[in-house]
1. Would you check if there is a residue in region A:50-65 being without any contact (Cβ under 8 Å) to a residue 60 or more places away in the chain, acidic (Asp, Glu) and part of a loop (DSSP other than H, G, I, E, B)?
2. From the residues in region B:76-93 that are facing chain A (nearest Cβ under 10 Å) and out of contact with any strand residue (DSSP E or B) (no Cβ under 8 Å at 6 or more places or on another chain), which one is farthest from residue A:36 (Cα to Cα)?
3. Quick check, is residue B:63 within 11 Å of chain A (Cβ to nearest Cβ), without any contact (Cβ under 8 Å) to a residue 60 or more places away in the chain and out of contact with any helix residue (DSSP H, G or I) (no Cβ under 8 Å at 6 or more places or on another chain)?
4. Output the number of the condition that residue A:94 fails; it satisfies all remaining conditions of (1) among the hydroxyl-bearing types (Ser, Thr, Tyr); (2) at pLDDT below 95; (3) more than 29 Å from residue B:50 (Cβ to Cβ).
5. Conditions: (1) in contact (Cβ under 8 Å) with a residue 24 or more places away in the chain; (2) assigned to a strand (DSSP E or B). Residue A:27 meets all but one. Number of the miss?
6. Tell me, which strands (runs of 3 or more DSSP E) wholly within region B:21-73 include 1 or more residues that are at pLDDT 90 or above, on the phi < 0 side of the Ramachandran plot and surrounded by fewer than 21 Cβ atoms within 10 Å (Cβ to Cβ)?
7. All but one of (1) touching a residue at least 40 places away in the same chain (Cβ under 8 Å); (2) within 14 Å of chain B (Cβ to nearest Cβ) hold for residue A:76, so report the exception by its number.
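The values are calculated or read from the model by the stated rules, or taken from the named source; none is laboratory data. Treat the numbers as computed from the prediction; the structure is a model and nothing was measured. Don't worry about glycine lacking a Cβ; one is built from the backbone with ideal geometry, like all the others, and counts go over all protein chains shown.
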Amino acid sequence: DGGITQSPKYLFRKEGQNVTLSCEQNLNHDAMYWYRQDPGQGLRLIYYSQIVNDFQKGDIAEGYSVSREKKESFPLTVTSAQKNPTAFYLCASSSGQVPQAVYGYTFGSGTRLTVV
Amino acid sequence: LAKTTQPISMDSYEGQEVNITCSHNNIATNDYITWYQQFPSQGPRFIIQGYKTKVTNEVASLFIPADRKSSTLSLPRVSLSDTAVYYCLVGRGSQGNLIFGKGTKLSVKP
């Protein structure tokens, strides 16, 4: 079955450490996204990529970095510059070709990051 | 991008029909209306999408009046497993991303 796989499901980070969250999709989607969700809040866009080797900052990119070396992979690194990284992180992908309909927009199951 | 307004929370009992209304006064001509469901510690899941009038699938119905300034998600005969947060989305952001508000937290009681 096609889908998006995020790993790990739970991640603990010490102060000052960088950590990388994995996101892999086998849907052959061009576009991939990273969102952050805080308790009781909606999702906020961190980074997005419409094509391999290209990515753009979203609304809250500070303290995060990404790469898109392969179409199916879009890892997110939470750096030590991110002062409040404890949150639920969601990866999504989209066919990117349909401007309005969202049938091709799929989310992963998320990674919960906690700073200890 | 059209902003959406929906109730913060709703309570219901098993077997009842639940209607969640979303207001989107500034909806653009080419914007679709989409609803997502999210369970705790999971990614959002697509429920239904529509442009105008009524759309029905095996999970829910979506009612959209002629002026398209609001929409109502209808869940027939809810069960405890329908307890979740429901998001109303209109259109997409400039990056093709979906823009989520805080959603409506639906609690279904026995």
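1. Here is the first cut: in region A:50-65, the ones without any contact (Cβ under 8 Å) to a residue 60 or more places away in the chain are A:50-65.
Next, from what is left, pick out any that are acidic (Asp, Glu): A:54, A:59, A:62.
Adding the requirement that they be part of a loop (DSSP other than H, G, I, E, B) leaves A:59, A:62.
Taking every residue of region A:50-65 in turn, at least one turns out to be without any contact (Cβ under 8 Å) to a residue 60 or more places away in the chain, acidic (Asp, Glu) and part of a loop (DSSP other than H, G, I, E, B).
2. Looking at residues that are facing chain A (nearest Cβ under 10 Å) and out of contact with any strand residue (DSSP E or B) (no Cβ under 8 Å at 6 or more places or on another chain), I get B:91.
3. Values: within 11 Å of chain A (Cβ to nearest Cβ): no; without any contact (Cβ under 8 Å) to a residue 60 or more places away in the chain: yes; out of contact with any helix residue (DSSP H, G or I) (no Cβ under 8 Å at 6 or more places or on another chain): yes.
Considered against the rule, which asks whether it is within 11 Å of chain A (Cβ to nearest Cβ), without any contact (Cβ under 8 Å) to a residue 60 or more places away in the chain and out of contact with any helix residue (DSSP H, G or I) (no Cβ under 8 Å at 6 or more places or on another chain), residue B:63 comes out as no.
4. It fails just one condition, (3).
5. (2)
6. Details: elements: B:33-38, B:45-50, B:53-56, B:61-64.
Output list reads B:45-50, B:53-56, B:61-64.
7. (2)
Here's the yes/no breakdown for (1) within 30 Å of residue A:31 (Cβ to Cβ); (2) hydrophobic (A, V, I, L, M, F, W, C):
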position: B:14; (1), (2): no, no
position: B:21; (1), (2): no, no
position: B:59; (1), (2): yes, yes
position: B:70; (1), (2): yes, no
position: B:74; (1), (2): no, no
position: B:80; (1), (2): no, yes
position: B:92; (1), (2): yes, no
position: B:105; (1), (2): yes, no
